[in-house]
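Okay, structure first, notes after.
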Amino acid sequence: MSILLAPSILSADFGNLNRDIEIVNRGDADSFHLDVMDGVFVPNISYGFPIIKAIARKAEKPMDAHLMIIDPDRYLSNFKDLGVKFLSVHYEACTHLHRTVQAIRSLEMKAGVALNPHTPVLLLEDIVRDLDFVLVMSVNPGFGGQSFIENSLEKIARLKELILKKNPNCLIEVDGGVNAENAGELARAGADILVAGNAVFGAPDPLEAMQVIKSAAYNI
């Protein structure tokens, strides 16, 4: 079983962004996780296309963009043009989710759907066959540094059951409060991709922190 690690740039030091990008390039990470917030869908604003363009110039690993915005369809081609490989939109933000997912795939990006903590996995029953991954929010979206919501483990397990029935190739990504202490539990529950922000960039040694999280995830 391969567990992937995606450090969240939201927790990086934007005054030393080149340094933190290089840490991800050098470290035991598999992608860059980009949290895009509009201040409407979530109560925070993160960063936009100029910052992502700057990251893309330096990134040596794939970019995974998580859109916490309303009406994401307006911007799908922009993310493609910036070199994003994995793109997730929120179930709660898309009136015509199937159309949005198909548009992402038509742009040759991996298509994901994100679920807020209160959104049940059963709502994905008719769309999961079309997905490359599902992003489970294990905190309420909008801010880094929040505590992990414990019942997310049960939610991930339920999602894994659905995926095994409908689309075994679909991956499960988990974002929010991920660290070395819960990485193994998340992997046991069925997670394939772990997004870690503060646990990486808030550590005294981010390179070591990435190794520790990865090791903990494999210790299942």
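To keep it simple, each residue is scored yes or no on (1) over 19 Å from GLU208 (Cα atoms); (2) surrounded by fewer than 15 Cβ atoms within 10 Å (Cβ to Cβ); (3) in contact with a helix residue (DSSP H, G or I) (Cβ under 9 Å, 6 or more places away or on another chain).
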| site | (1), (2), (3) |
| --- | --- |
| SER31 | no, no, yes |
| LYS58 | yes, yes, yes |
| LYS61 | no, no, yes |
| PHE86 | yes, no, no |
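Within the range 166-218, the set of residues being within 24 Å of VAL128 (Cβ to Cβ) and of a type in the set (Asp, Glu) comprises GLU173, ASP175, GLU185, ASP192. Scanning the range 1-29 for residues that are surrounded by fewer than 23 Cβ atoms within 10 Å (Cβ to Cβ) and assigned to a strand (DSSP E or B) gives a single hit, LEU4.
In summary, VAL212 fulfils each of the numbered conditions (1) in a strand (DSSP E or B); (2) surrounded by fewer than 22 Cβ atoms within 10 Å (Cβ to Cβ); (3) β-branched (Val, Ile, Thr) with the single exception of condition (1).
Would you call ILE172 assigned to a helix (DSSP H, G or I) and at pLDDT 95 or above?
On the way: assigned to a helix (DSSP H, G or I): no; at pLDDT 95 or above: yes.
The answer is no for ILE172.
Residue by residue through the range 11-22, note down the ones that are within 25 Å of PRO141 (Cα to Cα) and not small (Gly, Ala, Ser).
Hits for the range 11-22 are ASP13, PHE14, ASN16, LEU17, ASP20, ILE21.
The lone criterion from (1) outside any strand (DSSP E or B); (2) over 22 Å from ILE21 (Cβ atoms); (3) modelled with pLDDT of 95 or more left unmet by GLU150 is number (3).
The values are calculated or read from the model by the stated rules, or taken from the named source; none is laboratory data. Just so it is clear, the model here is predicted, and its values are computed rather than measured. Positions of Cβ are generated from backbone atoms using ideal geometry, with glycine treated the same way; all protein chains shown enter the neighbour counts.
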